[in-house]
Amino acid sequence: MSLKIRILLVGLLLMPFFLTAGNENGFIRVEGQNLVDKANQPYFIRGINLGNWLNPEGYMFLFEKTSSFRLIDQAFKELIGEQYVNQFWKRFQDNYITRDDIKFIAESGMNTIRVPFHYKLFTCQDYMGQNDPKRGFELLDRLVTWCKEFNVHIILDMHDAPGGQTGDNIDDSYGYPWLFEDAGNRQLYDKIWTEIAQHYANESIILGYDLLNEPIAPYFKNVSELNSLLEPVYKEVVAAIRKVDHNHIVMLGGAQWDSNFSVFTDSRFDNNMLYTCHRYWSKTDDQGIRDFLDFRSKVNLPLYMGETGENKDEWVKAFRITLERNNIGWTFWPYKKMTKASCMVSLNEPKNWDRIVAFTNSDRSSFPKIRAHRIGKDTVITALNEIITNCRFKNCNQNKSYIDALTGK
């Protein structure tokens, strides 16, 4: 037997070992319609979204018209000025999600968290009181430490992309998904994801990258044209990520609230990808997700429910059971918000908060009107200080029936 043949036979005998050993670094990966862990065992996503922490949303502050971060920030600054508001946001980031929150999530039976973030955390643009491109990594690195301690995997979700990918309040944009029509925005988008992927390339507690949250709202006259641009944007950013990171799963959401998957023509262009869907207020049986199930069968890739919830506990439980029966992992929305019980924990409303809500609902379209509706600075500062106190885990209310609906306990 020649030396070449001997080497070939040895290689064939050892191939299963090397294939298994290659995943000993602990990365979750795609295999058919499933996710598998380092032991090649199925990994089923059960988790929660850390909404509002790195991407504040108005409704979680009980606001109506003041819906996105930019509008919230503006309203607060109209009331008390820039300096205090900048300090507030820094304290908010440091207290809204802490080690205690991650510990509680893990002890509740969750194995995954999805982390919505704003692209500006990785730029010099002003955001939440700072303009430090390292701030995003500082916050996420701290989160990684906590999640490694409690064995909770992380999905990084770019909720707000450069220029806006949705064109509505949820992406903190200017009312149109400029990402798809502006080359400069796309270059920045690719750059940020590449930097994130390079930074976390060898970090196995991170499960994957949710590349765009709910791209392309349905409101635009040229929605079909915008839809045709989504897949090329995904392909471009995945190619950029793969130059520095082959370990992590890339997650692609459909158009129109992560629900329209007919926009994809080349559905398996990467060997470690999956599709992520969102669905709210639907039927709770299989018919409520029939379109998703049909798409999964077509592409033979995992499907993951990145967002759902915001409903009664009975609905949450019934829909969660349907997802599990159909092998669709989930991260319900959200983990924490003000007063409402449709989350795992809620914070109490500060005193006089109704006056601040009224200010945000008032006509502030001119400087005289802003002055006419402004309320006392001390009142606002006291209320914002109370938010910082109330949002700490030890001061939050645990919503047992909601948690039971998620965990089956």
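The values are calculated or read from the model by the stated rules, or taken from the named source; none is laboratory data. Remember, it's a predicted structure, so these values are computed and weren't measured experimentally. Here the Cβ is made from the backbone with ideal geometry for all residues, glycine too, and neighbour counts use every protein chain on show. Note: areas computed on protein heavy atoms with side chains; ligands, DNA, RNA excluded. Shrake-Rupley method; radii C 1.70, N 1.55, O 1.52, S 1.80 Å.
Filter the stretch 234-245 down to residues that are open to solvent by 10 Å² or more (accessible area, probe 1.4 Å) and touching a residue at least 40 places away in the same chain (Cβ under 8 Å) and give me whichever is farthest from His153 (Cα to Cα).
Our first condition is that a residue be open to solvent by 10 Å² or more (accessible area, probe 1.4 Å); within the stretch 234-245, this holds for 235-236, 239-240, 242-244.
Narrowing the set further to residues that are touching a residue at least 40 places away in the same chain (Cβ under 8 Å) leaves 236, 240, 243-244.
On the way: Glu236: 26, Ala240: 23, Lys243: 23, Val244: 21 Å.
In this case the residue turns out to be Glu236.
How many residues does the stretch 206-220 contain that are open to solvent by 10 Å² or more (accessible area, probe 1.4 Å) and closer than 20 Å to Tyr43 by Cβ?
Residues of the stretch 206-220 that are open to solvent by 10 Å² or more (accessible area, probe 1.4 Å), as a first pass: 214, 218-220.
Still in the list and also closer than 20 Å to Tyr43 by Cβ: none.
Of the residues in the stretch 206-220, 0 are open to solvent by 10 Å² or more (accessible area, probe 1.4 Å) and closer than 20 Å to Tyr43 by Cβ.
Suppose the filter is in contact with a helix residue (DSSP H, G or I) (Cβ under 9 Å, 6 or more places away or on another chain) and modelled with pLDDT under 95; does Asp245 pass it? Answer is no for this residue. When residues in the stretch 192-223 are screened for being out of contact with any Pro (no Cβ under 9 Å at 6 or more places or on another chain) and either in a helix (DSSP H, G or I) or farther than 25 Å from Thr308 by Cβ (or both), 14 of them pass.
Here is the figure for the stretch 149-167: residues that are farther than 15 Å from Thr276 by Cα, under 16 Å from the mean Cα position of the chain (by Cα) and of a type outside the set (A, V, I, L, M, F, W, C) total 6. Only a single item in (1) in contact with a helix residue (DSSP H, G or I) (Cβ under 6 Å, 6 or more places away or on another chain); (2) open to solvent by 30 Å² or more (accessible area, probe 1.4 Å) is not met by Ala183, and it is number (1). Scanning the stretch 224-233 for residues that are touching a residue at least 40 places away in the same chain (Cβ under 8 Å) and either of a type in the set (Asp, Glu) or not in a helix (DSSP H, G or I) (or both) yields nothing. Do we find that Trp178 is open to solvent by less than 30 Å² (accessible area, probe 1.4 Å) and closer than 21 Å to Val237 by Cβ in this structure? No; evaluated as a whole, the condition is false for this residue.
Of all residues in the stretch 370-394, those satisfying the criterion of being farther than 14 Å from Phe92 by Cα, touching a helix residue (DSSP H, G or I) at 6+ places or on another chain (Cβ under 6 Å) and part of a helix (DSSP H, G or I) are Ile370, His373, Lys377, Val380.
Inside the stretch 165-201, can you point out the residues that are of a type in the set (Phe, Trp, Tyr) and in contact with a strand residue (DSSP E or B) (Cβ under 9 Å, 6 or more places away or on another chain)? Outline the logic, then answer.
At the first step, the residues of the stretch 165-201 found to be of a type in the set (Phe, Trp, Tyr) are 174, 176, 178, 180, 189, 193, 200.
Selection gives Tyr189, Trp193, Tyr200.
Among the residues of the stretch 94-122, count how many are small (Gly, Ala, Ser), part of a helix (DSSP H, G or I) and surrounded by fewer than 15 Cβ atoms within 10 Å (Cβ to Cβ). Adding up the residues that qualify gives 0. The residues of the stretch 29-68 that are touching a Cys at 6+ places or on another chain (Cβ under 9 Å) and in a strand (DSSP E or B) amount to a single one, Ile48.
Results for (1) closer than 27 Å to Met110 by Cβ; (2) of a type outside the set (A, V, I, L, M); (3) modelled with pLDDT of 95 or more, shown as yes or no for each residue.
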{"residue": "Asn185", "(1), (2), (3)": "no, yes, yes"}
{"residue": "Tyr189", "(1), (2), (3)": "no, yes, yes"}
{"residue": "Ile196", "(1), (2), (3)": "yes, no, yes"}
{"residue": "Asp210", "(1), (2), (3)": "yes, yes, yes"}
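Return a yes/no flag: does the stretch 296-305 have any residue that is among the polar types (S, T, N, Q), in a helix (DSSP H, G or I) and either in contact (Cβ under 8 Å) with a residue 24 or more places away in the chain or farther than 28 Å from Ile205 by Cβ (or both). Let's see the steps before the verdict.
So the first thing to find is which residues in the stretch 296-305 are among the polar types (S, T, N, Q), and the list is 297, 300.
The next check asks that each one be in a helix (DSSP H, G or I); those that pass are 297.
Narrowing further to those that are either in contact (Cβ under 8 Å) with a residue 24 or more places away in the chain or farther than 28 Å from Ile205 by Cβ (or both): 297.
Within the stretch 296-305, one or more residues are among the polar types (S, T, N, Q), in a helix (DSSP H, G or I) and either in contact (Cβ under 8 Å) with a residue 24 or more places away in the chain or farther than 28 Å from Ile205 by Cβ (or both).
Within the stretch 382-407, the set of residues being open to solvent by 50 Å² or more (accessible area, probe 1.4 Å) and either among the small types (Gly, Ala, Ser) or modelled with pLDDT under 95 (or both) comprises just one member, Ser401. Of the residues making up the stretch 246-269, those that are in contact with a Gly (Cβ under 8 Å, 6 or more places away or on another chain) and open to solvent by less than 20 Å² (accessible area, probe 1.4 Å) number 8.
If you go through the stretch 123-145, how many residues are open to solvent by 60 Å² or more (accessible area, probe 1.4 Å), over 17 Å from Phe92 (Cα atoms) and either of a type outside the set (S, T, N, Q) or assigned to a helix (DSSP H, G or I) (or both)?
3
Annotation note: of Lys317, Lys340, the sole residue that is in a helix (DSSP H, G or I), open to solvent by 40 Å² or more (accessible area, probe 1.4 Å) and more than 15 Å from Met110 (Cβ to Cβ) is Lys317.
Quick one: which of Asn95, Asn86, Asn111 is within 30 Å of Lys148 (Cβ to Cβ), of a type in the set (S, T, N, Q) and out of contact with any helix residue (DSSP H, G or I) (no Cβ under 6 Å at 6 or more places or on another chain)? Exactly one residue qualifies, and that residue is Asn111.
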